[in-house]
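Beneath this line is the structure, given in structure tokens, with notes to follow.
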Amino acid sequence: MKKLLISGLGGSLFPYLDKALNKQFSLFYIDSNPDLKNIYPGLKFFPAPPVRDPEYIPFVKKIVADHGIDAYIPLIDEEILLAIDAFEDQPFPIVAAPDRKFSQICLDKWRLMSELEKHGVSKLKTFPASDLPADFKFPAFIKPRTGRGSRGISRLDSFEQLEAFLLLNPVYKPEELIVQPFIEGQEYTVGVLTNNLNDLICVCTKKVFSKKGITMAAVTENNDTITALCRDVVKKMQPKGPLNIQLFLLPDNRIRIFEINPRFSTTTILSLEAGVNKMALYMDFFDRPFEADPLYPKTGIHLYRRWDSVFYEQPD
């Protein structure tokens, strides 16, 4: 049974992901929240330093060495490049992430928008907050060039609101923020998997009904227009690993990508429930050609996230 080390145990993938994978893999987890040992007492959990701590990667390497980890699955954006660099010259563990170049592009939203337009994949007018044209049309969204979820994102309806945002959020410099026009369309989140040879293995499309930083409610749907776009991304940008494309489908069937996450997303569990086990597929076809047609999830499977209360006493 292969051993997987997965980060971010405190995230919304759990506990479903563990229940779905623990008969197929021996699972090890890390997270910077030590209280998770009380929430998930039966799991092989190791409280980790924060990702930005210099001791984080040495901590991961020790777990890998001590337990003979076969694959390391980084689920935290700030961790991805660290993970790739830490193990790039070693045959094990497999790092289940796209290659370094693609990951770097995706983790900088300004650069990503430029690359998507350069490759003719998607065009979404994007400007640094420090250089917004005088004739820019609102409403719009402002967000950090780097970051995840809805951190630092706000709707703007005027230049006055932009000035107020910058004044109230001094942690961000204007050049560290981008502004994009508000898009009228249906939002989708699409889990795409290629192996390290860049063979397209699956396209898992989900229509989004509700978001609060993460997708709260969605349903699986196969859409030929979106699938064609995903093929284009894979062909032109060569991700060589798991990615999640966030986009809007406009009423005229045009597509506008607004973000790509170079990792397995929180809606990976919806793909799993709909019959596509992307983590297992990545392991099965690492360094091995995938020559079949891409896989798609069963349509009409709904995800609805709800709160779950956990009670525990701290041990003496």
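Computed from the coordinates by the stated procedures, all read-outs in this text should not be read as laboratory data. Everything numeric here is computed off the predicted structure, so don't read it as measured data. Here Cβ is always computed from backbone atoms with ideal geometry, including for glycine, and neighbour counts include all displayed protein chains.
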Stretch gain in nm, segment ASP308-SER26, where the contour uses 0.36 nm per residue and the Cα spacing is subtracted: 99.0 nm
Burial-style ranking of 189-199, 126-136, 9-19, average other-beta-carbon count within 10 Å with highest first, yields 189-199, 9-19, 126-136
Multiplying the sequence separation of ASP135 and LEU197 by 0.36 nm and subtracting their Cα-Cα distance, what value in nm do you get? 17.8 nm
For the chain, rounded, prolate or oblate, judged on the Cα gyration tensor with a ≥ b ≥ c (square roots of eigenvalues), a/c < 1.5 rounded, else prolate if a/b > b/c? prolate
Rounded to 5, percent antiparallel among DSSP beta bridges of the chain: 75 percent
Before rounding to the nearest 500, sum -39500 (n - 2.57) across all DSSP H runs of length at least 4 in the chain and divide by the residue total; then give [θ] at 222 nm in deg cm²/dmol. -8000 deg cm²/dmol
Hey, what's the Cα Rg ratio for the range 82-218 versus the globular rule of thumb, 2.2 N^0.38 Å? 1.23
Restricting the range 257-314 to trypsin sites (Lys or Arg not before Pro) in coil, as DSSP defines it, with at most 14 other Cβ within 10 Å: LYS298, ARG306
Which residues in the range 165-189 place their backbone N less than 20 Å from a point set 7 Å from the Cα of ASN222 along the Cα-to-Cβ direction? 188-189
Contour excess over end-to-end distance, with Cα ends at ASP53 and ASP287 and 0.36 nm allotted per residue: 81.0 nm
Using 7 Å Cα-to-Cβ label points, what is the LYS235/ARG111 separation (nm, one decimal)? 2.5 nm
Shape call, the range 1-96: gyration tensor on alpha carbons, a/c limit 1.5: oblate
Between rounded, prolate and oblate, where does the range 184-316 land on the alpha carbon gyration tensor, with a ≥ b ≥ c its root eigenvalues, rounded for a/c under 1.5, else prolate if a/b exceeds b/c? oblate
Name the chymotrypsin sites (Phe, Trp or Tyr not before Pro) in the range 262-316 that are in a loop by DSSP and that have at most 13 other C-beta atoms within 10 Å, would you? TRP307, PHE311, TYR312
Restricting to Cα pairs under 8 Å and 6 or more apart, the percent relative contact order of the chain works out to 17 percent
Quick one: go through the range 73-109 and flag any residue whose amide nitrogen is under 14 Å from the point 7 Å out along the Cα-to-Cβ line of ALA65. 87, 93
